[in-house]
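Each remark here refers to the structure printed beneath this line.
The values are calculated or read from the model by the stated rules, or taken from the named source; none is laboratory data. Source: prediction; values computed, not measured. Note: ideal-geometry Cβ built from the backbone for every residue, glycine included; neighbour counts use all protein chains shown. All accessible areas refer to the heavy atoms of the entire protein, side chains included, with ligands and DNA or RNA removed. Shrake-Rupley method; radii C 1.70, N 1.55, O 1.52, S 1.80 Å.
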Amino acid sequence: DAEKIGVSDGGLVIENCTLLNSIDIGPMSFADASVFQLKNLNSLQTAAFGSVTERSACFYPANFVLDYLPMLHTLTVGEWSFSDSLHTVITNLSSLQLMNIGDSALNGNSKKGECTLKMQNLPMLKTIEAKSNAFYFVSDVVLKEIPNMTYLSIPSGLTCLKEAVLANASLFEKYKPIEECLRRRDSYLICKKEDMQGITSSVTKITVAK
């Protein structure tokens, strides 16, 4: 496939640049851009979108999707960058070790719809250090195969969480907002009328479907 770097008022698309090893987007760059796509960048090792120490607002309205970047080991998302991302996907990054997330980055926007976060197949990820309110409005998370985390800090993150699916997610499994979400979910049972015998003494709420 041909190399492609597309830059416009609408956003940024980078594809098939096999020698590209670093991306560094400065604060307030692409602030209004709604298009963001990185694809087939097999040599990319570091990616930074703004700064975690100053308001950056890179790609403020865009969804944040990173998938299959096999050499990426360090990711930085600056303050208020991708702040309105409704669907944040960070998957299949086999070398990712460190994520730095600025204040109110990857925040979501509950007025525009459900906000989801999917992180999966991150076998080398050790550290997520986020500032206040990152991932604040995320309501649904899928966190799978993140087995080796040693440090997790997301102050005020996932405050609006409603649903969580976890598997081999290491420190996320003990993260308080996720524990509380799972506890709420497990405290009630949804069943058909013929399944009412499945109710246990721990159930506090019953919804009967037709």
* Val165 versus Thr18: modelled label distance in nm, points set 7 Å from Cα along the beta carbon direction -> 3.5 nm
* Asked: Gap in Å between the Cα centre of the stretch 44-71 and the Cα centre of the stretch 92-155?
  -> 12 Å
* In degrees from 0 to 90, rounded to the nearest 10, what is the angle of the helix 176-186 Cα long axis to the longest principal axis of the chain? -> 40 degrees
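Please report the relative contact order for the stretch 11-168, taking Cα pairs under 8 Å with a sequence separation of at least 6, and give it as a percent rounded to a whole number. List each step's numbers first, then the result.
Working: 545 pairs, mean separation 25.5, N = 158.
Value for the stretch 11-168: 16 percent.
Per-residue ellipticity at 222 nm for the chain, helices alone: DSSP H runs ≥ 4 residues times -39500 (n - 2.57), over residue total, nearest 500 deg cm²/dmol?
Values: 1 runs with 11 residues, N = 210.
Estimated from H runs of four or more residues: -1500 deg cm²/dmol.
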* Starting from the Cα-Cα distance between Glu129 and Glu180, subtract it from 0.36 nm times their residue separation and give me the gain in nm to one decimal. => 16.3 nm
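With a ≥ b ≥ c taken as the square roots of the eigenvalues of the C-alpha gyration tensor of the chain, please select rounded if a/c is under 1.5 and otherwise prolate if a/b is larger than b/c or oblate if it is not?
On the way: a/c = 2.08, a/b = 1.91, b/c = 1.09.
Judged from the Cα gyration tensor, the chain comes out prolate (a/c at least 1.5, a/b above b/c).
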* Asked: Counting other Cβ atoms within 10 Å, which trypsin sites (Lys or Arg not before Pro) in the stretch 49-118 have at most 16 and lie in a DSSP loop?
  -> Lys111, Lys112
* Solvent-accessible heavy-atom area per residue, rounded to whole Å², over the chain at 1.4 Å -> 50 Å²
* **Cut-off under 5 Å, modelled amide H: who pairs with Leu66 long-range** => Val89, Ile90, Thr91
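With the full set of protein chains in place, find how many percent of the accessible area of the chain is carbon and sulfur; take the probe as 1.4 Å.
Numbers: 5380 of 10600 Å².
Here carbon and sulfur together make up 51 percent of the probe-accessible area.
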* Asked: Can you give me the relative contact order of the stretch 1-51 as a percent, contacts being Cα pairs under 8 Å and 6 or more apart?
  -> 40 percent
